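Input: a single structure, listed below in structure tokens.
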Amino acid sequence: MTPSLFLTATDTGVGKTFVGCVLAEMIRKSGKSVGVLKPFSAGDLDDALNLHKAAGKEGELNETTLLYCRLPLTPAAQIGLGTTGRRLVEKTFQETVVSVRAFQRKNDAVLVEGLGGVLAPLGGPYSVVDLILRLNLPVWIVSRAGLGTLNHTLLTVEALKNRGISIRRILLNGYKGKDLSEESNGRLLKKITGIPVTEVPHTSTRVRENKAKRVLWEAFQTDFLIP
């Protein structure tokens, strides 16, 4: 089966798109093709555009993002929790499933990026976790590396596990090794959850950026048995 992954996070702005772009780049460099989706976008299209470019895609951006909301707010704040929001989100869910299945037939790997955290409301009665359930894809959780990440990450793990969703890995993104909490966060999360934890270096230099790429590619190869 085509290696396929859903990238979610503990919050907005923790590095989902960075991880997705690196993975797309590394998959391509390995000589394989990759399909990418960020079904819901809000505020701007930069994340979707960067993912689109990293995957080497040409053509319209609407192949990568399916429902765009103009303001930098969760889609539910813009399309509502009622009938209109329900209809738009259900339509986007259906289009996402069709796109993912088509990408799986045409590509060697597929990456889907969520919006915000797993309980971010999308519209109608739906949140990001409902999209994950609909797609039935394994998940990587992108978290902050430093102080405060334990509670946010454990809440995210609990929300996913309670719904029977497979979590392959937790990524502590932006690891600098200077924060006291960084010394124990990874160890504690692995022991408490039983989930593999990867510390992704902060990309402040070219050396650290290259290390981050190697770390993410090795994790993806491990989780999806890619030679």
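Scanning the range 1-14 for residues being buried (at least 22 other Cβ atoms within 10 Å of the Cβ), over 21 Å from ARG105 (Cα atoms) and not aliphatic (A, V, I, L, M) gives a total of 2. For the range 178-191, the count of residues that are in contact with a His (Cβ under 8 Å, 6 or more places away or on another chain) and not polar (S, T, N, Q) is zero. Restricted to the range 53-64, and to residues that are in a loop (DSSP other than H, G, I, E, B) and out of contact with any Lys or Arg (no Cβ under 8 Å at 6 or more places or on another chain), which residue is most open to solvent (accessible area, probe 1.4 Å)? Ranking the qualifying residues of the range 53-64, first place goes to GLU58. Close contacts from the range 87-109, counting a first residue that is under 26 Å from PHE220 (Cβ atoms) and among the β-branched types (Val, Ile, Thr) and a second that is open to solvent by 70 Å² or more (accessible area, probe 1.4 Å) and assigned to a helix (DSSP H, G or I), with Cβ to Cβ under 7 Å and a gap of 6+ residues or different chains, come to VAL97/ARG134. Residue count for the range 124-159 under the criterion of being open to solvent by less than 60 Å² (accessible area, probe 1.4 Å), under 18 Å from VAL197 (Cα atoms), of a type in the set (S, T, N, Q) and more than 12 Å from the chain's Cα centre (by Cα): the result is 3.
Only one entry of LEU67, LEU73, LEU81 meets the criterion of being open to solvent by 20 Å² or more (accessible area, probe 1.4 Å) and either touching a Ser or Thr at 6+ places or on another chain (Cβ under 9 Å) or under 25 Å from ILE167 (Cβ atoms) (or both), and that entry is LEU67. The residue list PRO196, PRO201, PRO138 contains one member that is touching a Lys or Arg at 6+ places or on another chain (Cβ under 6 Å), over 30 Å from THR84 (Cβ atoms) and touching a residue at least 40 places away in the same chain (Cβ under 8 Å), which is PRO138.
Among the criteria (1) of a type in the set (Lys, Arg); (2) touching a residue at least 60 places away in the same chain (Cβ under 8 Å); (3) over 24 Å from VAL157 (Cα atoms), the one LYS57 does not fulfil is (2). Among residues of the range 16-35 being among the small types (Gly, Ala, Ser) and either surrounded by fewer than 23 Cβ atoms within 10 Å (Cβ to Cβ) or assigned to a helix (DSSP H, G or I) (or both), the one that is farthest from the chain's Cα centre (by Cα) is GLY31.
The values are calculated or read from the model by the stated rules, or taken from the named source; none is laboratory data. Everything numeric here is computed off the predicted structure, so don't read it as measured data. Cβ: placed from backbone, ideal geometry, glycine included. Neighbour counts: every protein chain shown. In case anyone asks, the SASA skips ligands and DNA or RNA and just uses the protein heavy atoms, side chains included. Shrake-Rupley method; radii C 1.70, N 1.55, O 1.52, S 1.80 Å.
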